[in-house]
Amino acid sequence: MTQIASRAVHIDRNGGPEELKIVQVMVGEPGPGEIRIRHKAVGLNFIDVYQRSGLYQLPMPLQLGMEASGVIEAVGEGVTHLKVGDRAAYASQPPGSYCEVRVMPAKCVCKLPDAISFETGAAMMLKGLTAQYLLKKTLPVEGLNKGDFVLFHAAAGGVGLIACQWAKALGLQLIGTAGSDAKCELARANGAAHAINYAKEDFLVRVKEITGGKGVKVVYDSVGKDTWDKSLDCLMPFGLMASFGNASGPVAPFAPGILGGKGSIYVTRQTLFSHIVTRESTQAMADDLFEAVVSGKVKIHIDQRYPLEQVQQAHRDLEARKTTGCTILTL
């Protein structure tokens, strides 16, 4: 059986960025339902930090990384949607994209349109598919219509900048929050109807001002602990609190009874991997994302590039909120 040498980033235990080590691994042939892919670029995401730190517990040693793009080198039995030589991109379980070559399940790997570069493909899949399921599938009971207000925290991040553009294309009035004036300006430049610097302003007060006291239909929140309580109070009756991350730490337990007093509001904790369980759902979401990018409705901003050898610094900068838009590791 062919064995190919590949650089990869492993951790042997949970901890800080210093735990990230570049090692050499041997990669074999794909089995049934698998492909082997040689990466051209790798995406960096906050979920990588959660897995490294231990917030999300996984067996050790662990090869990190949830998205990448590259060229298909080998195809296992039963795989029909990809062939050797295809350009491809993915956001997928299990982790392992921080490497040059890997074998992985084929079901979440999608053929990458020729109009989309490898770097863009690596940067857009996890964040873009997340924005897709939030704006298209994670909806309040009364739906979202043109002109409706939604609140999106971390609007200048990778998911946020995609969501700002896509929400504008859908006719929604997205109110974004960010931690600096420069990040607020970036959100507005990408389609946010309003942007709030939460370091200077109380976002709850501003949301009520912007909406004439009515509140928003949905809050999309990847921040977690720091924004949770006030976010609930930003919702109009029957509104939806959509949690999809914990950048500031996990949300504390709360009594469901409080939701009634706040207007019979709904709460959901979303994860992309619930939405891409099947080959069909993954492809349908990816096709929607590809169309949005190729048409120009959504532009993918790659604001940071680090060679694989600088993966520790990439993690430090991400955690320190020094990044905007998308970040990739280059090979």
Inset, instruction - Extending each Cα 7 Å along its Cβ direction at Lys136 and Ser281, get the distance between those two points in nm, one decimal. - result: 1.3
Inset, instruction - Please work out whether the chain counts as rounded, prolate or oblate from its C-alpha gyration tensor, where a ≥ b ≥ c are the square roots of the eigenvalues and a/c under 1.5 means rounded, while otherwise a/b larger than b/c means prolate and anything else oblate? - result: prolate
Inset, instruction - Give, rounded to the nearest 20 debye, the magnitude of the charge dipole that region 102-230 has about its Cα centre when Lys and Arg contribute +1 at Cβ and Asp and Glu contribute -1 at Cβ. - result: 360
Legend entry - Choice from Pro113, Pro140, Pro61 with maximal GNM fluctuation in the chain (Cα, 10 Å cutoff): Pro61
Inset, instruction - Among DSSP beta bridges lying fully in region 83-207, give the percent that are antiparallel, nearest 5. - result: 25
Inset, instruction - Multiply the residue gap between Ile258 and Val23 by 0.36 nm, knock off their C-alpha separation, and tell me the result in nm, one decimal place. - result: 79.7 nm
Legend entry - Cleavage-rule hits (chymotrypsin sites (Phe, Trp or Tyr not before Pro)) in region 239-275: DSSP loop, at most 16 neighbouring Cβ within 10 angstrom: Phe254
Inset, instruction - Take every Cα pair under 8 Å in the chain that's 6+ residues apart, average their separations, divide by the length, and report that relative contact order as a whole percent. - result: 17
Legend entry - Projected label distance in nm at Leu58 and Asp114, using a 7 Å step from Cα toward the beta-carbon: 3.5
Legend entry - Charge dipole of region 218-310 about the Cα centre (unit charges at C-beta), most positive-ward option of Val219, Cys234, Leu272: Cys234
Legend entry - Beta bridges per DSSP with both ends in the chain, % antiparallel, nearest 5: 55
Inset, instruction - Can you bin region 127-222 into rounded, prolate or oblate? Criterion: square roots of the alpha carbon gyration tensor eigenvalues sorted a ≥ b ≥ c, rounded for a/c under 1.5, prolate for a/b above b/c, oblate for the rest. - result: oblate
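Read the figures in this text as sums done on the coordinates, not as results from a lab. It should be emphasised that the depicted structure is a prediction, and the values quoted were computed from it without experimental measurement. Ideal geometry is used to build each Cβ from the backbone, glycine not excepted, and the neighbour counts take in all protein chains shown.
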